[in-house]
Amino acid sequence: MNQFRVLRGILAMFCITFFSGCSSFSRDYQRALGQVTPSDHIEGPWQGTWTSDGGHSGGLKCLLSRDSNSASPGHPAAYRARFEATFWKIFTAHYDVILKGTDQPGTTYLQGDHNLGWIAGGVYHYDAQVTPSHFHATYRSSKDRGKFVLVRPGFAIE
């Protein structure tokens, strides 16, 4: 069973890497780094790490932007989170998640779901707390769970 799980993980990383090679994320991230991010906003570039409770981890970048098209009653805050995650230091995956929640003074609480496909573990659920300087999130699926810890580029992760 463990061999199948490892093989499935390797196949998932290959597919994600192969099919995400045309992503515009790197260009958009570099452009965002050159823009001034207001100190009281959560939109813009983020960097840090993801860590799975199963022992895996990697680098993580995020471009967070308001998504007025996804706002809904009871969830006035809607953000598009574009992620670039690295696996085993050589594979890179890109995916987008719509996160909805509420803006509170000093902290925005967000959550959302995204289907990464059966090979990568199916539907992942995300819960995040974001301040202008820190982005902390947990994720879970039927196959995995873990956390994201991100800060603004140039700042140290605590």
In order through the range 59-67: 3J(HN,Hα) via Karplus (6.51 cos²θ - 1.76 cosθ + 1.60), integer Hz, x for Gly, Pro: x, 8, 10, 8, 10, 10, 9, 4, 10
Let me have the relative contact order for the range 25-74, percent, based on Cα pairs under 8 Å that are six or more residues apart. 29 percent
With a 1.4 Å probe and every protein chain kept in, tell me what percent of the accessible surface of the range 36-158 is carbon plus sulfur. 54 percent
Counting alpha carbon pairs within less than 8 Å and at least 6 residues apart, what relative contact order, in whole percent, applies to the range 59-158? 16 percent
Can you give the local net charge around Tyr29? Use residues other than it whose beta-carbon is closer than 15 angstrom to its beta-carbon, Lys and Arg +1, Asp and Glu -1. +2
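The values are calculated or read from the model by the stated rules, or taken from the named source; none is laboratory data. Not measured: the values here are computed from a predicted model. Because the Cβ atoms are built from the backbone with ideal geometry, glycine has one as well, and the counts that use them run over all protein chains shown. Side chains included, ligands, DNA and RNA excluded: accessible areas come from the protein's heavy atoms. Shrake-Rupley method; radii C 1.70, N 1.55, O 1.52, S 1.80 Å.
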